[in-house]
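The values are calculated or read from the model by the stated rules, or taken from the named source; none is laboratory data. Keep in mind the model is a prediction, meaning the values are calculated, not measured. Don't worry about glycine lacking a Cβ; one is built from the backbone with ideal geometry, like all the others, and counts go over all protein chains shown. These accessible areas exclude ligands, DNA and RNA; they are computed on the full protein's heavy atoms, side chains included. Shrake-Rupley method; radii C 1.70, N 1.55, O 1.52, S 1.80 Å.
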Amino acid sequence: RPFPRGVLGLRKSVRSVRWARGGASRDVVVNYDGLYEMHAFEHLDVVTGSGVGGGSLIYTNVLEAPDPDFFDAFPEEITAAEMQPWFARVRAMLRPSPIPIRPDKNEAFERATVVAGMGAPVYPDLAILWSSDPARREQQVNAAGVVQSSCTHCGCCVMGCTERAKTTLDLTYVPIALRHGAELRPLCEVVGIG
């Protein structure tokens, strides 16, 4: 359903707040069908998505494989080389590409970075369905066999994308899992795997 708007909508957008400090933890559910969960720990604060599609609903669409030294913090069995084929499979599913037509605000940003002596920005690949004209929506079947509509530059990417242009899990891996017999249980929380 559409994302709630306005002051009351903002309150409805938060599902829960969890925090753990000094050995104590607390979990407060604000709205069972809210989109955002906030987690506050000793040295880390995280905002996650709570919905069919999870964090992909609120991620910022950037799809870049991490640098090899990212894996230095992982167990030695997990290396960049070992993960590379999996990153390639995800890229094939999400089909990321750079934004083809940048909005005016991007052009202003580009001018500012050049004036500041930083050079032109490099834009990452984004997991969004683009068209040749943001004012004209186009539809395309994605790698999971689901119809998506192209981006209109509405700017709601972090709020679940009402345009269905952001390539999220609910438009890719969830439909594939359902076709293979998975059961979807919205408004439920997994607390363990047996």
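Here are some notes:
- Residues of the stretch 144-194 that turn out to be within 20 Å of SER132 (Cα to Cα), among the aliphatic types (A, V, I, L, M) and in contact (Cβ under 8 Å) with a residue 60 or more places away in the chain, as a count: 0
- Subset of the stretch 127-146 that is among the small types (Gly, Ala, Ser) and surrounded by fewer than 18 Cβ atoms within 10 Å (Cβ to Cβ) - its residue that is nearest to PRO96 (Cα to Cα): ALA143
- Residues of the stretch 147-194 satisfying the condition of being touching a strand residue (DSSP E or B) at 6+ places or on another chain (Cβ under 8 Å) and either open to solvent by 80 Å² or more (accessible area, probe 1.4 Å) or β-branched (Val, Ile, Thr) (or both): VAL147, ARG164, THR167
- Failed item in (1) assigned to a helix (DSSP H, G or I); (2) loosely packed, with under 13 Cβ neighbours inside 10 Å, with SER56 passing the rest: (2)
- Test: TYR123 is aromatic (Phe, Trp, Tyr), in contact (Cβ under 8 Å) with a residue 40 or more places away in the chain and farther than 30 Å from ARG11 by Cβ: no
- Taking the criterion of being surrounded by fewer than 19 Cβ atoms within 10 Å (Cβ to Cβ) and touching a strand residue (DSSP E or B) at 6+ places or on another chain (Cβ under 7 Å), the residues of the stretch 113-126 that qualify are PRO124, ASP125.
- When each of ALA73, ALA81, ALA88, ALA65 is tested for being open to solvent by 90 Å² or more (accessible area, probe 1.4 Å) and either free of Cβ contacts under 8 Å to residues at least 12 places away in the same chain or more than 18 Å from PRO175 (Cβ to Cβ) (or both), the lone residue that passes is ALA73.
- Single residue of the stretch 16-48 satisfying the filter (touching a residue at least 24 places away in the same chain (Cβ under 8 Å) and part of a strand (DSSP E or B)) that is least open to solvent (accessible area, probe 1.4 Å): SER16
- If the condition is being modelled with pLDDT under 90, open to solvent by 50 Å² or more (accessible area, probe 1.4 Å) and part of a loop (DSSP other than H, G, I, E, B), then the stretch 91-112 contributes PRO98, PRO100, ILE101, ARG102.
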